[in-house]
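The values are calculated or read from the model by the stated rules, or taken from the named source; none is laboratory data. Note that the coordinates shown come from a computational prediction; the quantities given were computed from them, not determined experimentally. Neighbour counts run over all protein chains shown; Cβ positions are idealised from the backbone, glycine included. Heads up: the accessible areas ignore ligands, DNA and RNA and are worked out on the full protein's heavy atoms, side chains in. Shrake-Rupley method; radii C 1.70, N 1.55, O 1.52, S 1.80 Å.
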Amino acid sequence: MRNPRRGFEVCVILGLIPFLCWVGSVNGIGANWGTQSSHPLPPETVVRMLVDNGIQKVKLFDADYGALRALSKSNIEVMVGIPNDMLSTMATSMKAADKWVSKNVTAHLSNNVNIRYVAVGNEPFLATYNGSFLRTTFPALQNIQKALLKAGHGAKVKVTVPQNADVYESSTGVPSSGDFRADIHDYIFQITKFLNDNGSPFTVNIYPFISLYIDSNFPVEYAFFDGQATPVNDGGTTYTNMFDANYDTLVWALQKNGFPNMGIIVGEIGWPSDGDRNGNNEYAQRFMQGFMSRVAGGKGTPMRQGPLEAYLFSLIDEDEKSIQPGNFERHWGVFYYDGQPKYALNLGTTVNGALVPARNLKYLQRKWCVLKDSVKMDDPSIAQSVSYACALGDCTSLGYGTSCGNLDEKQNVSYAFNSYYQINNQLDEACKFPNVSTVTKDDPSTGTCRFGIMIEPYYAGVGRVHGSVGFLVGVFSLLVLVLVL
């Protein structure tokens, strides 16, 4: 595989314009690999999926040892992350930064892991964080950069700070008015200058779906790439999709602040397949294929022609993600939790243009926990049992406009019960809701609604307690529920 970093180093040596070299070095598509799952695929299985699908870059949200170890010798470019809750420590302790780099960069580089970036924080200036990380992000970034240089990795491993697109704005609604958000302007400028001075890119996460989710008046067609939206005119430049407009708003913001040639990475871009009326396989496929066709064609945006460097969000569904932003948060994957493709998507990287699923999986038995046929829906234990099952299971596919939105009352209850049962590895005690549940071998799936069967649990070590300690806590709570009722 071509070495893009080599191209950047040659540019520096020759004193050429960094951006001209940057875009010439971009190759391949990346993917975000999150691990907030009750039943994660073995890391080796995920790496095989990445290789089989021609995905040449991967972005991690932490420094998961199992994932990094599995990436050894794969030649996949890695962006390893430092979570926001570690920023304060990194900001106040050079020793901690040195130790982190030694453990999570140096050790893995020596084991042939192709680490290229360290992502310091993840969307730390997101408006909903209310400034929690404003004063720690930059000093943490500085210390990690110093630690990388001290360890001798400065030429190969670059720092970056993945930002949400809300760190910039347009006062007129068109890209050419783009600038950093007024309330955090100085913080963003400081970080951007530091990144630019060190040959590092500006990383931004762009989500047209979120605009559609939070604004019922957002023009749906403008979220997609097929040119069916009413164009937005910006001084003679027309925009027919939100991605181009959003990306170019950042380009203008960088240009106005003195960074016209700074490299840009799209750290996250995707569309959820469930959990909301606009989150479905049809829209997800339409958006993702539109974006991938653009990447494959090497087409940039009106302000930045040429190839884009981007990481799809995300590779696999994560059923333990927080749903505070919305139920769709657990459904961003191009693949289901078990590594099976959700829809047709041509990444332009495989021989037949189809996604390649995970291999050699072992599933639990074909059985499901459902509501007993004899139970009356006015049984007082049902509501409490469903509430309990959904709190500890995953009911984000239930509700208006979702994949299971057309279930009847009894099917909704069965779905909740089965989610809890599967997450707890089909143990008998996980289907003992007080006198209302039973195990069946008849698949209750219907239409677009899948009643899942979990894969066998993967234990990565101390950090993984699926089906053990977590389940014991659940059993205790369930016994309390039985006694109360």
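Computed values, structure above
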quantity: Selection within region 273-313 - in contact with a Gly (Cβ under 7 Å, 6 or more places away or on another chain), part of a helix (DSSP H, G or I) and open to solvent by 50 Å² or more (accessible area, probe 1.4 Å); calculated: Ala296
quantity: Complete set of residues in region 167-193 that are under 21 Å from Ser132 (Cα atoms) and open to solvent by 40 Å² or more (accessible area, probe 1.4 Å); calculated: Glu169, Ala182, Asp183, His185, Asp186, Tyr187, Phe189, Gln190
quantity: The one condition in (1) open to solvent by 10 Å² or more (accessible area, probe 1.4 Å); (2) more than 22 Å from His331 (Cα to Cα); (3) modelled with pLDDT of 95 or more that Val23 fails to fulfil; calculated: (3)
quantity: Region 384-442, residues that are open to solvent by 40 Å² or more (accessible area, probe 1.4 Å), part of a helix (DSSP H, G or I) and either acidic (Asp, Glu) or touching a helix residue (DSSP H, G or I) at 6+ places or on another chain (Cβ under 6 Å) (or both); calculated: Cys390, Leu392, Glu409, Asp428, Glu429
quantity: Lone qualifier among Thr92, Thr106, Thr137 - being touching a helix residue (DSSP H, G or I) at 6+ places or on another chain (Cβ under 7 Å) and either touching a residue at least 40 places away in the same chain (Cβ under 8 Å) or among the acidic types (Asp, Glu) (or both); calculated: Thr137
quantity: Count of region 360-381 residues which are open to solvent by 20 Å² or more (accessible area, probe 1.4 Å) and in contact with an Asp or Glu (Cβ under 8 Å, 6 or more places away or on another chain); calculated: 6
quantity: Subset of region 205-239 (residues that are in contact with a strand residue (DSSP E or B) (Cβ under 8 Å, 6 or more places away or on another chain), assigned to a loop (DSSP other than H, G, I, E, B) and open to solvent by 40 Å² or more (accessible area, probe 1.4 Å)); calculated: Pro231
quantity: Among the residues listed as Gln365, Gln384, the single one being within 19 Å of Leu41 (Cα to Cα) and of a type in the set (S, T, N, Q); calculated: Gln365
quantity: Any hit, region 165-172, residues being touching a helix residue (DSSP H, G or I) at 6+ places or on another chain (Cβ under 7 Å), outside any helix (DSSP H, G or I) and within 20 Å of Phe61 (Cβ to Cβ); calculated: no
quantity: Ala151 of a type in the set (A, V, I, L, M, F, W, C) and more than 21 Å from Ala91 (Cβ to Cβ); calculated: no
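Per-residue answers, yes or no, for (1) at pLDDT 95 or above; (2) touching a Ser or Thr at 6+ places or on another chain (Cβ under 6 Å); (3) open to solvent by 40 Å² or more (accessible area, probe 1.4 Å); (4) over 19 Å from Lys193 (Cβ atoms):
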position: Glu77; (1), (2), (3), (4): yes, no, no, yes
position: Ser110; (1), (2), (3), (4): yes, no, yes, yes
position: Val120; (1), (2), (3), (4): yes, no, no, no
position: Asn143; (1), (2), (3), (4): yes, no, no, no
